[in-house]
Amino acid sequence: MKNNIILIVVATVCVLTSCRTNTDANEGRALRNAEVKTSGDAEKAEITAAPLVPKPVGNRPAKKLIVELETTETEGIIADSLKYTFWTFNNIVPGSFIRVREGDDIELRLKNAANSAMPHNIDLHAVNGPGGGAEVTFVSPGKEASFHFKALNPGLYVYHCAAPPVPMHIANGMYGLILVEPEGGLPKVDREYYIMQGEFYTKAGDNSVLVFDNDKGNDEKPDYVLFNGKKGSLLGKNMLQANVGETDRLLIGNGGPYRVSPLDAPGESFDKGSLEGGSLVNHNVQTTLIPAGGATIVEFTVEAPGEYVLVDHSIFRAFNKGAIGKLYVSGEKNHEVFEKIK
Amino acid sequence: MYKIAVTILFLLCFFACKENDFKKNPEAENNGIKGIDINTKMVFIQGGSYLPFYGDAKKQVSVASFLLDERPATNEEFLAFVTVNPQWRKSNVKRVFADTTYLRDWPSDLQFSKDQSGDAPVSFVSWFAANAFAESTGKRLPTLDEWEYVAMADEKDYNARGKKSYSDYIISLYLKKNKQLEPVKKSQPNAWGIYNMFDRVWEWTDDFNSVLTTGDSREGSYDDKNLFCAGAATSATDVLNYAAFMRFGLRSSLKANYTVANLGFRCAKDTNIITK
């Protein structure tokens, strides 16, 4: 009996230690980052509207940053000449792109516009703390709140409003992305773009301005599935631009609230893609899956000029609901890579 | 000797007053309220029981009969209140009782904005101010249960919660901007004969913060676990009632000295009449 117990204990210890040996660079990373000291005064972080992203962090040490966001309820064009009552961060859908470095100390200031009808808040998936900041930033119309967090885990993260009823706040456009770059920054690329997908469930409101439709939301039947909150936001003169031979990076999020986005650029496989925005890197990907409330980073080098289409490959959404954009690539034709024969 | 005694006495009095000043609390402040004569029509609300939006899905809460103002308090009425209660004027009010946006759009102490109708609901008023106003009219704020009990009604039925259109209709009213600038009683009353439950302002209730959504209703539990340790982590009794989520969300975002653009109040009163 006694021998059996010893055997079990020894076996357990062996199993536990064997797990421990399975380490990687990320183990203990958050704990190490928690110890990083920042010095100097806090400065205002650069934030941008899609499809632009702020400057890379490069080699800078961790520092103190202030991020200012305002929640608003505002009318804007959703498709063609149709208006929708969006709820936003900083009057844009998706909300401002936030870019920080691991170890940074961030003071997030959230102001709810005085003419808001609703309370709002922010839940950043990059935050280690209750509700990602949702509780401490829950603000009535016209009020402000702020909190501090330290960026512990590098990656691309969604932020969104988590005020009740949460689905309604997200469906109205209250989401955006925050990128936490690793020490030394992400590998240098030629261009970076910010794209975020979201669904819209609409019905006619006052003065023919569309508003959120509770029933369609609950049935998960959107009228629009859009990139950057507007039909055609990445088409025509708004097409993303690139040059042959460049390496480009797309920072893509999916606000949801419901659909999973199989994102695909036909004719251009993603050379490199971070799985779900995390540290695991996948290569030679044709279509990458982005969960609702998730994100991904893809990198690619374009070899031939022309228009490349970016779609949600759940293809009705692209053809009928708006989830389509284009990348226009300028440059010399490369006959080695692509050529019409007849 | 006599002079010294008087001086000491004087000093004592002085410090005693100081002390008093220090100890001032909302209760004491309210005690100095002067009455005003306002004859807002009150409606008799027959008591009964109802299922609260937050709580045990099987537990009905009883509400005793009471009287409720048929509409929210207006700018004109609030002007009458601050006229005789100078401590509640814009320039005199203490920050602990009302934050910096108190009566924000009033150009001066005894004047509301030209953009505001006199018979539009008063807004940018704190819970303390609403309470003081109620006291000056010999009334009180309705409890959250009383307010929600009356809010179950639509134009036809005392309890319209089961109707599919009920929540949607309220949401459409909630989403309208600047509705607080319009006069009261322009829309249809509900089955009780009560006006403007949803189409003008959010309204303070006496115990507005007794039910706390956590600022993140996904958790499906309550902030105050002692108050709501009802076994399973139940949350809303009707998860499709988005209008109620919005209302309870708004309430839980408030502090008693907050003043907000679209937040006003109406008054209630106890009654000895049990049934009518």
Scoring the range B:38-270 by relative contact order with C-alpha pairs under 8 Å, at least six apart, yields a percentage of 31 percent
Simple spin-label model, 7 Å along Cα-to-Cβ: B:LYS269 to A:ASN207 in nm? 4.1 nm
Per residue of B:184-193, how many C-beta atoms from partner chains lie within 10 Å of its own C-beta, taken as a mean? 0
Percent of alpha carbon pairs in the range A:159-273 separated by more than 22 Å? 44 percent
Read phi for every residue in the range A:120-130 and hand back ³J(HN,Hα) as whole Hz from Karplus 6.51 cos²θ - 1.76 cosθ + 1.60, θ = phi - 60°, with x for Gly and Pro. 9, 7, 9, 10, 9, 5, 7, 8, 9, x, x
Out of A:GLU102, A:GLU199, A:GLU144, any idea which swings most in a Gaussian network model of chain A, alpha carbons joined below 10 Å? A:GLU144
Can you tell me the relative contact order of chain A? Whole percent, Cα pairs under 8 Å, sequence separation 6 or more. 14 percent
In whole percents, the bins of 5 Å from zero upward hold the Cα-Cα pairs of the range B:38-270 as 1, 7, 14, 19, 20, 17, 12, 7, 3, 1, 0
Return the carbon/sulfur percentage of the accessible area of the range B:94-162, one whole number, probe 1.4 Å, all protein chains in place. 50 percent
Two-decimal log10 I(q)/I(0) for the range A:50-92, as the Debye equation yields it once each C-alpha is a single scatterer, q = 0.34 Å⁻¹: -1.13
For the A:ASN334, A:GLU43 Cβ pair and Förster radius 30 Å, calculated FRET efficiency rounded to 0.05 is 0.10
Work out, step by step, the length gained on full extension between B:LEU173 and B:ASP207: first 0.36 nm times the residue separation, then minus their alpha carbon distance; give nm to one decimal. 9.9 nm
Counting only protein heavy atoms with a 1.4 Å probe and every protein chain in place, the carbon and sulfur fraction of the accessible surface of the range A:133-266 in whole percent equals 47 percent
Between Rg and the Kirkwood Rh of the range A:25-173, both from Cα atoms, what is the Rg to Rh ratio? 0.99
Distribution of pairwise C-alpha distances over chain A, 10 Å bins, in %: 5, 24, 30, 22, 11, 5, 2, 0, 0
Any idea of the total accessible area buried by the A-B contact, 1.4 Å probe, rounded to 100 Å²? 2500 Å²
So if we plug the beta-carbon distance of B:GLN60 and A:ASP215 into 1/(1 + (r/R0)^6) with R0 = 22 Å, what FRET efficiency do we get, rounded to 0.05? 0.20
How many percent of DSSP beta bridges within chain A run antiparallel, rounded to 5? 70 percent
How big is the gap, in Å, between the Cα center of the range A:188-227 and the Cα center of the range B:63-86? 42 Å
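With the contact rule set at Cα under 8 Å and sequence spacing of 6 or more, what percent relative contact order holds for the range B:62-140?
Contact order relative to length: 37 percent.
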Listing of the range B:241-267 residues, each with accessible area lower by at least 50 Å² in the full protein assembly than in the chain alone (probe 1.4 Å): B:TYR242, B:MET246, B:SER253
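The values are calculated or read from the model by the stated rules, or taken from the named source; none is laboratory data. Since the model is a prediction, treat every value here as computed from it, not as a measurement. Neighbour counts run over all protein chains shown; Cβ positions are idealised from the backbone, glycine included. Heavy atoms of the whole protein, side chains included, go into the accessibility calculation; ligands, DNA and RNA do not. Shrake-Rupley method; radii C 1.70, N 1.55, O 1.52, S 1.80 Å.
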